[in-house]
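Taking it in order: structure first as structure tokens, then the write-up.
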Amino acid sequence: MITIVQPGLFTTIQDKGRVGFQKFGVPVSGAMDIDAHRIANLLVGNDENSATIEMTIQGTEMKLEQDALVAFFGRGPTLRTNSRELPHGRPHFLSKGSIVKHAFTGSGARSYMAVAGGINVPIIMDSRSTYTRASFGGHEGRRLAKGDQLEIGKLTTEQEKILQFIKETGTDHLVTWFVPSQFFDSDVPNNTIQIIKNEQLETFTIESQNALLARPFTVTSQSDRMGYRLEGAELSKKSSKNEISSAVPFGTIQVPPDGNPIILLADRQTTGGYPIIGYTASIDRHKLAQMKPGDKLYFESIDVEEAQEQFFLKEEAIRQVKAGIKLRLKGLKKK
């Protein structure tokens, strides 16, 4: 059991989301930075889809009511106990009664805390994710609050052996290996978001099409898990012709009548009627998820084949780090 002492700015329970229910009007939701969520789970031997705690900007203060193996990942807040820092990218043993609290605000927006066994909240439509706009999923359908108690799921036999071994030998401090927070960085700068153009971009003026790829845009304070509202060059259509509503995946870039683009994110609606000028590449989802109000970004155009190639390479890198973590964890259990 975990007791929330102070919830932080916006803390929710998330997993990979409700895939397959958009046709019924149900948003996918799920972790904003799905890659950080996956790595955090792998570090404690969980399935990648186990529920984690998503912390935004500010770390959450928590009390562990039982011994636990935990890990943190992401570019958001870092946490500590009273006696030590809890660096991201490696597993930590926390004994019963430990208090974990905010240490530093990170360079990005979000961090994920995984607990061996996962956070055990009810499954609704194949997911434990919180969708706060409709008040369902996660813990009582809302962001976490002071006094909430979260149940930790059942550990696998392997996880129980690891937890017991670290507890008995006190070898937690000997875990020197880690997955760096820069694991997902590439040659493309972190403030550059790669996009695949949509044919509706041609309904905008030439000046607007050029500005999309040449001018910076700023993430505004009206942004949330549903979408980032951007400020920058106002994009103008050639005519006032309306578009037919269509499905909108994560990263859809819409342009409402005021000409300021919106990037739709995890808690987006299922369809949209504003013109769609492009889609952010899946490979850059973690960069988007880590942006905060006031951050500037640039768009760079790539084609579908290039986006797929980059995505394949990232998944191959995750597959390799997954195998490496599995081997390392085997070294932390009683024979």
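The values are calculated or read from the model by the stated rules, or taken from the named source; none is laboratory data. Every value quoted in this text rests on a predicted model; they were computed, and no experiment measured them. Here the Cβ is made from the backbone with ideal geometry for all residues, glycine too, and neighbour counts use every protein chain on show. The accessibility values were calculated without ligands, DNA or RNA, using every heavy atom of the protein model including side chains. Shrake-Rupley method; radii C 1.70, N 1.55, O 1.52, S 1.80 Å.
Tabulated data
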quantity: Residue in the stretch 67-90 that is acidic (Asp, Glu) and part of a loop (DSSP other than H, G, I, E, B) present; calculated: yes
quantity: Out of Gln149, Gln164, Gln159, sole residue that is more than 20 Å from the chain's Cα centre (by Cα) and modelled with pLDDT of 95 or more; calculated: Gln149
quantity: Criterion violated by Leu235 - all others in (1) under 23 Å from Gln310 (Cβ atoms); (2) surrounded by 16 or more Cβ atoms within 10 Å (Cβ to Cβ); (3) touching a strand residue (DSSP E or B) at 6+ places or on another chain (Cβ under 7 Å); (4) not β-branched (Val, Ile, Thr) satisfied; calculated: (1)
quantity: Failed condition for Tyr112, given (1) open to solvent by 10 Å² or more (accessible area, probe 1.4 Å); (2) touching a helix residue (DSSP H, G or I) at 6+ places or on another chain (Cβ under 7 Å); calculated: (1)
quantity: Selection status of Thr270, more than 30 Å from Asn41 (Cα to Cα) and open to solvent by 10 Å² or more (accessible area, probe 1.4 Å); calculated: no
quantity: Residue in the stretch 182-197 that is over 17 Å from Ser301 (Cα atoms), assigned to a helix (DSSP H, G or I), open to solvent by 20 Å² or more (accessible area, probe 1.4 Å) and touching a residue at least 24 places away in the same chain (Cβ under 8 Å) present; calculated: yes
quantity: Leading residue by the ranking (farthest from Asn198 (Cα to Cα)) among those in the stretch 264-278 that are in contact (Cβ under 8 Å) with a residue 40 or more places away in the chain and not small (Gly, Ala, Ser); calculated: Asp267
quantity: Strands (runs of 3 or more DSSP E) wholly inside the stretch 233-335 that include at least 3 residues being closer than 26 Å to Ala109 by Cα and touching a helix residue (DSSP H, G or I) at 6+ places or on another chain (Cβ under 9 Å); calculated: 276-280, 296-301
quantity: Check on Gly251, over 20 Å from Gly294 (Cβ atoms), surrounded by fewer than 22 Cβ atoms within 10 Å (Cβ to Cβ) and at pLDDT 95 or above; calculated: yes
quantity: Qualifying residues in the stretch 99-137 (those that are of a type in the set (Ser, Thr, Tyr) and at pLDDT 95 or above) - the one nearest to Lys326 (Cα to Cα); calculated: Tyr112
quantity: In the stretch 118-140, residue farthest from Ala289 (Cα to Cα) [restricted to those that are open to solvent by less than 20 Å² (accessible area, probe 1.4 Å) and in a loop (DSSP other than H, G, I, E, B)]; calculated: Val121
quantity: Cβ pairs under 6 Å, 6+ apart, first in the stretch 39-52 and outside any loop (DSSP other than H, G, I, E, B), second open to solvent by 10 Å² or more (accessible area, probe 1.4 Å) and small (Gly, Ala, Ser); calculated: Asn41/Ser50
quantity: Residue list for the stretch 305-335, filter: of a type in the set (D, E, K, R), closer than 22 Å to Glu160 by Cβ and either open to solvent by 50 Å² or more (accessible area, probe 1.4 Å) or touching a strand residue (DSSP E or B) at 6+ places or on another chain (Cβ under 9 Å) (or both); calculated: Lys322, Lys326, Arg328, Lys330, Lys334, Lys335
